[in-house]
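Below you'll find the structure, written out as structure tokens, and then a few comments.
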Amino acid sequence: MRGCIIAVGSEMLTPFRVDTNSLVITERLNAIGCDIRLKAVVGDDVGEFGRVLSAALEAADLIVLTGGLGPTEDDITREAVARVLQLPLDVDEVIVERLRARFARRGLTMADINRRQAMVPRGADVLENANGTAPGLWLERGGICIVALPGPPREMTPMLESVIRERLAPKSGGAGLFRRVLRITGPTESDVDACAQPIYGRWLAGPVPIGTTILAVLGQIELHLTARAASRAEADAALEAAGRELQEALGPSVYSVDGRTLEAVVGDLLREVGWTIAVAESCTGGLMTSRLTDVPGSSDYVERGVVCYSNRSKVEWLGVPESLLVEHGAVSEPVARTMAEGIRSRAGTNVGAGITGIAGPGGGTPEKPVGTLAIAIVTDDDARVKTLKFFGGRELVKFQATQAAMNMLRLMLMDRVAREALRR
């Protein structure tokens, strides 16, 4: 089944409102095998809405409309649908009486304008709205289903679920679209695709077709796998095999295949080996500690975090020698390592992390431009230190720095887990 979603409302064409309904609709329809081919937002203009709806009728088996079912002049969904399908609009007196009763229960008199909500394209089924005044509509034309839902999410979602349960799911026979996301950090998008494409390129021809989308997001690459299968069990088996194949090719750069964030993966590894961590941050201003403690239960392994922004604080709080700062500068591997060692020693933890750098927009030099970071992760028997250069604005540099630091920590912990496994 091919689906299109059209959100109606001029307010969503401004910076002040966002169409969130389409995300919910997509998720629910994918679960019954409906592949969304088009999403659109149209303003409160009958002609423009009609043109978009006419195009959708050429591309889809199911069209979901949200919004525009209210009582005011700018609620145009009923009129647009009737015009495109060349159907008259009839006033449904049952809806009128239901609306009057709803207002009366609240001690109010229904305004005449609310009669607009009782206008129904001839032949349409009316979908009851238990959470508001705007009923929905269901129409079928030449094998194409059109469903019009109210815009407010608290009204839209229950009506959508009812439509899926009673009208759409029985047609799917249990089939659906099922997804899995692999999260990768370290390689670039082009490097990941060069490695992964020869693998995922052949999956569409498999017994359970799997489509693959590669996305570059903040500090990481994501591979989204979508399987079309007759059942979840069948999809899970295919996605599990596909994920293993990609993991073997991409190696330890894949940090998550089950939806966990990098900070959650790191936290689980720290808990697994029974370690605690303390973090000393300069340019990231506590962001790494913040991300680690965003995970519920992180008090099991996060002991403390400090922000040592100035050189004086690095000397006084972490024991960084002034001579080291003079010789190498604050943004250097020796200083990052000493920061990590200093916080680890003072906190009495298994792991210490140190981050120092130039987040910008000022402060860079030809030798150390904006985006230069020195990161260190130290334990009692291991130390990993790197100088990295990132691009982007201040916020982006800070996030990438914490992403790199946590990935260094993750790889160190994975090595530790592997060594302990060999000892056993």
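Annotations
- Residues in the range 286-305 that are of a type in the set (Gly, Ala, Ser) and assigned to a helix (DSSP H, G or I) were compared, and the one that is farthest from Leu388 (Cα to Cα) is Ser299.
- Single match in Ala242, Ala233, Ala237 (criterion: more than 21 Å from the chain's Cα centre (by Cα), surrounded by 15 or more Cβ atoms within 10 Å (Cβ to Cβ) and either modelled with pLDDT of 95 or more or not in a strand (DSSP E or B) (or both)): Ala242
- Filtering the range 337-351 to residues that are within 35 Å of the chain's Cα centre (by Cα) and open to solvent by 70 Å² or more (accessible area, probe 1.4 Å) leaves only Arg337.
- The range 1-35 - residue that is open to solvent by 20 Å² or more (accessible area, probe 1.4 Å) and within 17 Å of the chain's Cα centre (by Cα) and, of those, farthest from Ile146 (Cα to Cα): Val18
- Some residue of the range 59-78 being open to solvent by 60 Å² or more (accessible area, probe 1.4 Å), more than 32 Å from the chain's Cα centre (by Cα) and of a type outside the set (Lys, Arg): yes
- The condition (being at pLDDT 95 or above and among the small types (Gly, Ala, Ser)) is satisfied by just one residue among Ala101, Ala56: Ala56.
- In the range 184-221, residue surrounded by the fewest Cβ atoms within 10 Å (Cβ to Cβ) [restricted to those that are β-branched (Val, Ile, Thr) and within 18 Å of Gly33 (Cα to Cα)]: Thr213
- Arg116 open to solvent by 80 Å² or more (accessible area, probe 1.4 Å), within 22 Å of Glu48 (Cβ to Cβ) and either touching a residue at least 12 places away in the same chain (Cβ under 8 Å) or in a strand (DSSP E or B) (or both): no
- Failed criterion for Gly286 (all others in (1) under 19 Å from Ala401 (Cβ atoms); (2) in contact (Cβ under 8 Å) with a residue 24 or more places away in the chain; (3) open to solvent by less than 60 Å² (accessible area, probe 1.4 Å); (4) under 36 Å from the mean Cα position of the chain (by Cα) hold): (2)
- Inside the range 403-424, residues that are among the basic types (Lys, Arg) and loosely packed, with under 15 Cβ neighbours inside 10 Å make up a count of 3.
- Per the listing Met156, Met110, the residue uniquely farther than 19 Å from Val8 by Cβ and of a type outside the set (Val, Ile, Thr) is Met110.
- Taken over the range 36-55, the criterion of being touching a strand residue (DSSP E or B) at 6+ places or on another chain (Cβ under 7 Å), surrounded by fewer than 16 Cβ atoms within 10 Å (Cβ to Cβ) and under 16 Å from Cys145 (Cα atoms) is satisfied by Arg37, Leu38.
- Residues of the range 124-142 satisfying the condition of being free of Cβ contacts under 8 Å to residues at least 60 places away in the same chain, assigned to a loop (DSSP other than H, G, I, E, B) and not charged (D, E, K, R): Ala124, Asn129, Ala130, Asn131, Gly132, Gly142
- The set of residues in the range 258-279 that are among the β-branched types (Val, Ile, Thr), open to solvent by 30 Å² or more (accessible area, probe 1.4 Å) and either within 15 Å of Asp294 (Cβ to Cβ) or modelled with pLDDT under 95 (or both) contains only Thr261.
- Residue within the range 181-190 that is among the charged types (D, E, K, R) and more than 30 Å from Ala82 (Cβ to Cβ) present: yes
- Candidates in the range 156-177 are the residues that are in contact with a Gly (Cβ under 8 Å, 6 or more places away or on another chain) and part of a helix (DSSP H, G or I); of these, the one that is surrounded by the most Cβ atoms within 10 Å (Cβ to Cβ) is Met159.
Matching residues to (1) in contact with a Lys or Arg (Cβ under 8 Å, 6 or more places away or on another chain); (2) in a helix (DSSP H, G or I):
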{"site": "Ala249", "(1), (2)": "no, yes"}
{"site": "Val265", "(1), (2)": "yes, yes"}
{"site": "Asp268", "(1), (2)": "yes, yes"}
{"site": "Arg271", "(1), (2)": "no, yes"}
{"site": "Val279", "(1), (2)": "yes, no"}
{"site": "Thr284", "(1), (2)": "yes, no"}
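- Some residue of the range 192-203 being more than 18 Å from Asp258 (Cβ to Cβ), under 19 Å from the mean Cα position of the chain (by Cα) and either not hydroxyl-bearing (Ser, Thr, Tyr) or not in a helix (DSSP H, G or I) (or both): no
- Selection status of Thr226, open to solvent by 50 Å² or more (accessible area, probe 1.4 Å), of a type in the set (S, T, N, Q) and in a strand (DSSP E or B): no
- Single residue of Pro334, Pro361 found to be farther than 18 Å from Met408 by Cα, free of Cβ contacts under 8 Å to residues at least 40 places away in the same chain and surrounded by fewer than 24 Cβ atoms within 10 Å (Cβ to Cβ): Pro361
The values are calculated or read from the model by the stated rules, or taken from the named source; none is laboratory data. Just so it is clear, the structure is predicted and the values come from calculations on it, not from any experiment. Here the Cβ is made from the backbone with ideal geometry for all residues, glycine too, and neighbour counts use every protein chain on show. Accessible surface is based on the protein model in full, side chains and every heavy atom, while ligands, DNA and RNA are left aside. Shrake-Rupley method; radii C 1.70, N 1.55, O 1.52, S 1.80 Å.
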